[in-house]
Amino acid sequence: MPTLKIHHIGYLVKKIEKAKQTFETLGYQLEQDTVYDELRKVNICFLIKDGYRVELVSPVSEDSVVSGLLKKYKNAPYHICYEADDAEAAYQELTGSGFTAIDTPTPAPALGGCNVVFLMSPVIGMVELLYR
Ligand code: NI
């Protein structure tokens, strides 16, 4: 398995502006202000504290990819995103080790247009793989 490095923790929130302010109250610094991801119909921003990066993800409409998840999990962390020196090799390793891809590698506007793919593990839930 290529070395995986944690890039961010994805956090579902209903109200992104209030959530941003609340994370700032906790001492997080805004790293990247809100970007609209048209494909997934979500608003996304990034905050950092102590080297930990949190991604706030908030659905913009009912048919957003995360609207169902928000109903299920409420405001909560729901994925960890990893970057690999060789993301394609990591993808192959993960799909051969119990992870199932739930979409295909697709550009993420909030991450400079880099491709991301989401995978599901029956044991640990959702992970995101970032292609650099
Ligand atoms: Ni993410």
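The values are calculated or read from the model by the stated rules, or taken from the named source; none is laboratory data. Bear in mind that the values here come from a model prediction, so they are computed numbers and not experimental data. Virtual Cβ from ideal backbone geometry, glycine too; neighbours counted across all protein chains shown. Side chains included, ligands, DNA and RNA excluded: accessible areas come from the protein's heavy atoms. Shrake-Rupley method; radii C 1.70, N 1.55, O 1.52, S 1.80 Å.
Can you tell me how many residues within the stretch 44-84 are within 13 Å of the ligand (Cβ to nearest atom) and farther than 15 Å from Glu17 by Cα?
The total comes to 11.
Residue check: is Glu83 surrounded by 12 or more Cβ atoms within 10 Å (Cβ to Cβ), of a type in the set (Asp, Glu) and touching a residue at least 40 places away in the same chain (Cβ under 8 Å)?
Values: surrounded by 12 or more Cβ atoms within 10 Å (Cβ to Cβ): yes; of a type in the set (Asp, Glu): yes; touching a residue at least 40 places away in the same chain (Cβ under 8 Å): yes.
Judged against the criteria, Glu83 is a match.
Matching residues to (1) assigned to a helix (DSSP H, G or I); (2) open to solvent by less than 20 Å² (accessible area, probe 1.4 Å); (3) at pLDDT below 95:
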{"site": "Gln21", "(1), (2), (3)": "yes, no, no"}
{"site": "Gln32", "(1), (2), (3)": "no, no, no"}
{"site": "Arg40", "(1), (2), (3)": "no, no, yes"}
{"site": "Glu55", "(1), (2), (3)": "no, yes, no"}
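Using beta carbons and a limit of 8 Å, which pairs, at least six apart or on different chains, have the first residue in the stretch 1-15 and polar (S, T, N, Q) and the second one at pLDDT below 95 and more than 16 Å from the ligand (Cβ to nearest atom)?
Thr3/Asp85
Can Val123 be described as among the β-branched types (Val, Ile, Thr), touching a Cys at 6+ places or on another chain (Cβ under 8 Å) and either part of a loop (DSSP other than H, G, I, E, B) or in contact (Cβ under 8 Å) with a residue 24 or more places away in the chain (or both)?
Numbers: among the β-branched types (Val, Ile, Thr): yes; touching a Cys at 6+ places or on another chain (Cβ under 8 Å): no; either part of a loop (DSSP other than H, G, I, E, B) or in contact (Cβ under 8 Å) with a residue 24 or more places away in the chain (or both): yes.
Against the criterion (among the β-branched types (Val, Ile, Thr), touching a Cys at 6+ places or on another chain (Cβ under 8 Å) and either part of a loop (DSSP other than H, G, I, E, B) or in contact (Cβ under 8 Å) with a residue 24 or more places away in the chain (or both)), Val123 does not qualify.
Give the residue, chosen from Val66, Val60, that is open to solvent by less than 60 Å² (accessible area, probe 1.4 Å) and aliphatic (A, V, I, L, M). Even if it seems obvious, please write down each step before you answer.
Working: Val60 fails: open to solvent by less than 60 Å² (accessible area, probe 1.4 Å).
The match here is Val66.
Which condition number does Cys45 fail, the rest of (1) open to solvent by 20 Å² or more (accessible area, probe 1.4 Å); (2) touching a residue at least 60 places away in the same chain (Cβ under 8 Å) being met?
(1)
Restricting attention to the stretch 96-132, which residues are open to solvent by less than 50 Å² (accessible area, probe 1.4 Å) and away from the ligand (no atom under 16 Å from the Cβ)?
If the condition is that a residue be open to solvent by less than 50 Å² (accessible area, probe 1.4 Å) and away from the ligand (no atom under 16 Å from the Cβ), then Gly98 is the only one that fits.
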